Each structure stands twice: as C-alpha cells, then as structure tokens.
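Notes for the one structure printed next.
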Amino acid sequence: MGSPGTYQWASSSTRASSCSGSCAANAAWSEPLSVFLPAAHPLAQGLARRPADPTILGEIPLVLWPRDVSPRSYDEIIALCHRVGVSPRIAAEGHSVQTLLALVAAGFGAAVLTDSHRALRRTGVTPRLLNRTSTTLHLVHRTDNASPSLTRLLDALTSGPR
C-alpha cells in the first residue's frame, strides 16, 4: 500500500504483462504494429511508405527490447517473424522506446513497436504500418489495491466508450 502522495497502482504500456505476486493484467486495448525504419532506408522511401507486409522484417536487421526486459514483447516479435517465414536478424537492443528509435535513426536496423509510437515523430525514423498485425496492451495492477481511482479506471476499460 502507498502512503498519501504516492502512486498505489501503475500501468504497463508494454505488450508484456508479467505479474509476480498478487497482481492482475487486464487487456486495455489492441492496436496495430508498425515497423520503424531509418528514414534513408529504401523501404521507407516514396510509395514504399504504404502499409507493409510483415515479410519485410526479413529484409532489414532488427533492434529489439532485450528479452529479459520485456519477454512477451520480444517473443511476440520473434514469433511474428517465424509466422511469416523470416529469420530475424537482431542488430542491437535498447531498454527504452527512445533508445530503440535512436538506434533506428542511426541506421542499426528497424524496430517493431505499436503504431501509437509514431506520435513521437522521431527525426530520422519513418514508421510503416504492418499489415494484418495487432497487439494487446495491458493494464497491470495489484489485486489487493482498493483505490477508487483504480476501480474507476478498470470500470472505464470494461464498459467501453459511452
């Protein structure tokens, strides 16, 4: 339990909801995946900017979260590659979205992230939607938390738009 002025719950904005102890993961929303490419890469140029088939993940090295930081995200990207018949080539790893995008901008490879990350508008990076992909993001919270704020948030997530 938190003391006054401290957070009593937190959300996970990763695709990896990993709980230990008394916590629960509630599906919050789903959104498409995008591949974030170096702006100068041929796959990021001209007409190539339209949504891409996931097989392009075999055409460029990838920058990913380390598996120990986000195992489900890592596994989801590797599984996507295998599902479309490509062998992923991992060029670099980063511990934050900003680090991943900086590695992309520097030309180390491409990152697979939720499409909402395009709102960051990182210089030197071009996002392309990946056709027929989506991921579910989760709200992770302690099950013993009776916070009215958490209760209202969970109610809003389960009741949908009004």
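Being open to solvent by less than 40 Å² (accessible area, probe 1.4 Å), of a type outside the set (G, A, S) and assigned to a loop (DSSP other than H, G, I, E, B) is the filter here; which residues of segment 63-108 pass it? Matches in segment 63-108: W65, P66, V86, P88. Of everything in segment 110-122 that is outside any strand (DSSP E or B) and touching a residue at least 60 places away in the same chain (Cβ under 8 Å), the residue that is surrounded by the fewest Cβ atoms within 10 Å (Cβ to Cβ) is S116.
The values are calculated or read from the model by the stated rules, or taken from the named source; none is laboratory data. Keep in mind it's a predicted model, so treat the numbers as computed, not measured. When we count neighbours, we look across all protein chains shown, and the Cβ atoms used for this are built from the backbone with ideal geometry, even at glycine. Heavy atoms of the whole protein, side chains included, go into the accessibility calculation; ligands, DNA and RNA do not. Shrake-Rupley method; radii C 1.70, N 1.55, O 1.52, S 1.80 Å.
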